[in-house]
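K.L.:
Questions regarding the structure given below will be posed in turn.
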Amino acid sequence: MTKRSDIPVFAVLGHPNEGKSSVVATLAENDAVPVSPTPGETRQCRDYPVFIDDAEVIRFVDTPGFQNPRAAHKWITQNADPEKPWLDDFIRAHETDAEFVHECRLFTPLAAGAGVIFVVDGTRPVRTADRLEMDILRLTGAPRMAVINTKDREHGDYIEDWKTAARIHFNIIRIFDAQRASFAERMDLLKSLRAIDPDWDEALQRVTEAFETDWHMRLEQTAAIITDLLASVLQYRAKKTIHDASATEAAEKQLVVKYRQQVADMEKKAHHRIKKRFKHNIFSYDLPAQSLAGQDLFSEKTLKALGLTRNQMAWAGAGIGAGLGAKGDLALAGLTFGVFTALGGALGAGSAAWGTRKISRAKIKGQALGGIRIYAGPVKNDQLLYVIIDRSLIYFWHVINWAHSRRERPETGNDSDAGVSNFLSAKWSREQKKISQRFFKEVRQKGTAAGQQAVREFSAMIRDLLKEISRT
Ligand SMILES: Nc1nc2c(ncn2[C@@H]2O[C@H](COP(=O)(O)OP(=O)(O)OP(=O)(O)O)[C@@H](O)[C@H]2O)c(=O)[nH]1
Ligand SMILES: [Mg+2]
């Protein structure tokens, strides 16, 4: 038997364009693996190591598709002794043979002891060439598993035929959707790899345990990112100094704009950190248009859909007088009603009413000499906070359901927020709401000193929600 490296290495093999590179990208969580609709995209073998805490734990090798399985099968059955390793002989005999360029390349990792993940497209029928490829892999004697990639089932479903054909050559067969596999499905696949060779059982057990520990770390960190975001929003105050009381109205509008921009920016940065934690670099260039995480945070659509009705918004802003929101000048400033009222409480903080022009102008007039510090925030209205929580959960759901092999969003398909809707704040228990209220209150009163009970409780509650959302 060929000597193997200490960590498990799996070469992903198959016919051209079946989804080999997609399986590699998804399993290795690497969105830099070239995936393309053009057959023959992958021409060279390439290693994709997976690191956890800077240590390599498993390696996948992307390979070119079989080029000439018929002739290769013929050579092997005529020249190779099935009792002895023959891969090196094949490579030596065909090094300069234009007919077997791909075979020489894809046999190389096998000659070095890699296990085989054979990928087939379950939406097309089994052909003779496929049977020959599977038989070649059987003859290598390498530990091997067949993965039936479910590509686009609308185009056909030959999964049963593939199972029957693969059973002759592989003792483990898995059905796997390379572009939609969740974390749990990836883990299932890795766990079933454990059975393909007793020598790898222990190493693969360590790998799956390391993946699971890492996943829970990510959930913990995501909960911390969301908690930090809310704490920042809870404490944020947009400030501005003016020197002329007659500039108050213009400054007020600028402040509101600044407040919105800054809060939206904090949210964007937090989402970016979540995305990075899940090793996504290209994801999110376009969240589906119908996703509420893809909308502008302060758009009326967002605020309304995430549980604010116009009445609630008006009520929320009532601290400074329900009538204010309808004021013509605010509408003229390009602010939606929802935006103003979400900020209503904020604007009302401090003085009886920053937005109540009469009072504020009267006050301001008296102080105008040294410049007037005006501010918007911190937000007193919890609705905006719940909107931000919900959007983070929605964003998280899209991130974890975007396999690293996906390069673009299909025209059709269910990419709405439906999968996460049961976890949003509108569906929360009384206890969950209480935990949130305690957290908001604590941050408002004391800021974010380390080790606060209410902050820890909130973060743990969010982490548990993330666990449920990811079904882990
Ligand atoms: N819808 C869908 N498309 C998939 C899936 N897996 C692969 N594809 C698409 O199939 C095409 C080929 O995928 P690749 O992963 O590049 O296939 P490959 O086997 O590496 O191809 P070569 O390198 O050319 O041999 C790409 O356009 C993928 O987006 C899947 O699970 N679902
Ligand atoms: Mg490829």
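K.L.:
Going residue by residue through the stretch 231-243, is there one that turns out to be among the aliphatic types (A, V, I, L, M), at pLDDT 95 or above and assigned to a helix (DSSP H, G or I)? Don't jump to the end; show me each part of the working.
P.N.:
From the stretch 231-243, those among the aliphatic types (A, V, I, L, M) are 231, 233-234, 238, 242; that's our starting set.
Still in the list and also at pLDDT 95 or above: 231.
Add one more test, that the residue is assigned to a helix (DSSP H, G or I), and what stays is 231.
Yes - at least one qualifying residue is present in the stretch 231-243.
K.L.:
Hydrophobic (A, V, I, L, M, F, W, C) and over 19 Å from L204 (Cβ atoms): is that true of L139 in this structure?
P.N.:
Values: hydrophobic (A, V, I, L, M, F, W, C): yes; over 19 Å from L204 (Cβ atoms): yes.
Taking the combined requirement at face value, the residue satisfies it.
K.L.:
Select from the stretch 18-41 the residues that are among the polar types (S, T, N, Q), at pLDDT below 95 and within 9 Å of ligand 2 (Cβ to nearest atom) and list them in ascending order.
P.N.:
Selection gives S36 alone.
K.L.:
Which ones in the stretch 42-71 are hydroxyl-bearing (S, T, Y) and near ligand 2 (Cβ under 9 Å from one of its atoms)?
P.N.:
So the first thing to find is which residues in the stretch 42-71 are hydroxyl-bearing (S, T, Y), and the list is 42, 48, 63.
Result: T42, T63.
K.L.:
So which of A114, A165, A72 is closer than 23 Å to L27 by Cα, open to solvent by less than 10 Å² (accessible area, probe 1.4 Å) and of a type in the set (G, A, S)?
P.N.:
A114
K.L.:
Moving on. Report the residue count in the stretch 429-472 for those that are open to solvent by 20 Å² or more (accessible area, probe 1.4 Å) and assigned to a loop (DSSP other than H, G, I, E, B). Steps first, answer last, please.
P.N.:
In the first step, residues of the stretch 429-472 are kept if they are open to solvent by 20 Å² or more (accessible area, probe 1.4 Å); the result is 429-435, 437-438, 441-442, 444-446, 448-451, 453, 455-457, 459-460, 463-464, 467-468, 471-472.
The next check asks that each one be assigned to a loop (DSSP other than H, G, I, E, B); those that pass are 429, 448-451, 471-472.
Selection size over the stretch 429-472: 7.
The rows are residues; the columns are (1) at pLDDT below 85; (2) within 25 Å of D177 (Cβ to Cβ); (3) surrounded by fewer than 17 Cβ atoms within 10 Å (Cβ to Cβ).
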{"site": "A195", "(1), (2), (3)": "no, yes, yes"}
{"site": "V207", "(1), (2), (3)": "no, yes, no"}
{"site": "A250", "(1), (2), (3)": "yes, no, yes"}
{"site": "K269", "(1), (2), (3)": "no, no, yes"}
{"site": "K276", "(1), (2), (3)": "no, yes, yes"}
{"site": "K279", "(1), (2), (3)": "no, yes, yes"}
{"site": "S284", "(1), (2), (3)": "yes, yes, no"}
{"site": "P288", "(1), (2), (3)": "yes, yes, yes"}
{"site": "S291", "(1), (2), (3)": "yes, yes, no"}
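K.L.:
Just one of (1) open to solvent by less than 80 Å² (accessible area, probe 1.4 Å); (2) basic (K, R); (3) outside the structural domain of E18 (by TED's automatic domain parsing) trips up R174, so point out which.
P.N.:
(3)
K.L.:
A further question follows. Could you check the stretch 119-146 and list, in sequence order, the residues that are in contact with a helix residue (DSSP H, G or I) (Cβ under 6 Å, 6 or more places away or on another chain) and either in a loop (DSSP other than H, G, I, E, B) or open to solvent by less than 10 Å² (accessible area, probe 1.4 Å) (or both)?
P.N.:
V119, V120, G122, T123, V126, E133, I136, A142, P143, M145, A146
K.L.:
Mind counting the residues in the stretch 67-119 that are β-branched (V, I, T) and either more than 42 Å from the chain's Cα centre (by Cα) or not assigned by TED's automatic domain parsing to the domain that holds D135 (or both)? First the steps, then the outcome.
P.N.:
Within the stretch 67-119, the subset β-branched (V, I, T) is 76-77, 91, 96, 101, 108, 116-117, 119.
Subset that is either more than 42 Å from the chain's Cα centre (by Cα) or not assigned by TED's automatic domain parsing to the domain that holds D135 (or both): 76-77, 96.
Number of matching residues: 3.
K.L.:
Let me ask another. Out of D199, D157, D214, D188, report the one residue that is out of contact with any Lys or Arg (no Cβ under 6 Å at 6 or more places or on another chain), surrounded by fewer than 21 Cβ atoms within 10 Å (Cβ to Cβ) and assigned to a loop (DSSP other than H, G, I, E, B). Working first, answer last.
P.N.:
Values: D199 fails: assigned to a loop (DSSP other than H, G, I, E, B); D214 fails: assigned to a loop (DSSP other than H, G, I, E, B); D188 fails: assigned to a loop (DSSP other than H, G, I, E, B).
Among D199, D157, D214, D188, only D157 is out of contact with any Lys or Arg (no Cβ under 6 Å at 6 or more places or on another chain), surrounded by fewer than 21 Cβ atoms within 10 Å (Cβ to Cβ) and assigned to a loop (DSSP other than H, G, I, E, B).
K.L.:
For the stretch 85-106, does any single residue satisfy the condition of being open to solvent by 50 Å² or more (accessible area, probe 1.4 Å), among the hydroxyl-bearing types (S, T, Y) and touching a Ser or Thr at 6+ places or on another chain (Cβ under 9 Å)?
P.N.:
No, the stretch 85-106 contains no residue that is open to solvent by 50 Å² or more (accessible area, probe 1.4 Å), among the hydroxyl-bearing types (S, T, Y) and touching a Ser or Thr at 6+ places or on another chain (Cβ under 9 Å).
K.L.:
Right, something else. Please work out which residue is nearest to ligand 1 (Cβ to nearest atom), limiting yourself to the stretch 39-52 and to residues that are more than 17 Å from Q179 (Cβ to Cβ) and open to solvent by 60 Å² or more (accessible area, probe 1.4 Å).
P.N.:
The extreme case among them is P39.
K.L.:
Just to be sure before I move on: is A146 touching a strand residue (DSSP E or B) at 6+ places or on another chain (Cβ under 6 Å) and farther than 27 Å from P49 by Cβ in the structure I sent?
P.N.:
No; evaluated as a whole, the condition is false for this residue.
K.L.:
Sort out which residues of the stretch 28-38 are surrounded by 15 or more Cβ atoms within 10 Å (Cβ to Cβ) and near ligand 1 (Cβ under 6 Å from one of its atoms), and write them in order of number. Show your work before the answer.
P.N.:
First, pick out the residues of the stretch 28-38 that are surrounded by 15 or more Cβ atoms within 10 Å (Cβ to Cβ): 28-31, 33, 35.
The answer is V35, and nothing else.
The values are calculated or read from the model by the stated rules, or taken from the named source; none is laboratory data. Treat the numbers as computed from the prediction; the structure is a model and nothing was measured. Methodologically, a virtual Cβ is constructed for each residue, glycine included, from the backbone with ideal geometry; neighbour enumeration extends over all protein chains shown. Note: accessible area is taken over every heavy atom of the protein model, side chains too, but ligands, DNA and RNA are not part of it. Shrake-Rupley method; radii C 1.70, N 1.55, O 1.52, S 1.80 Å.
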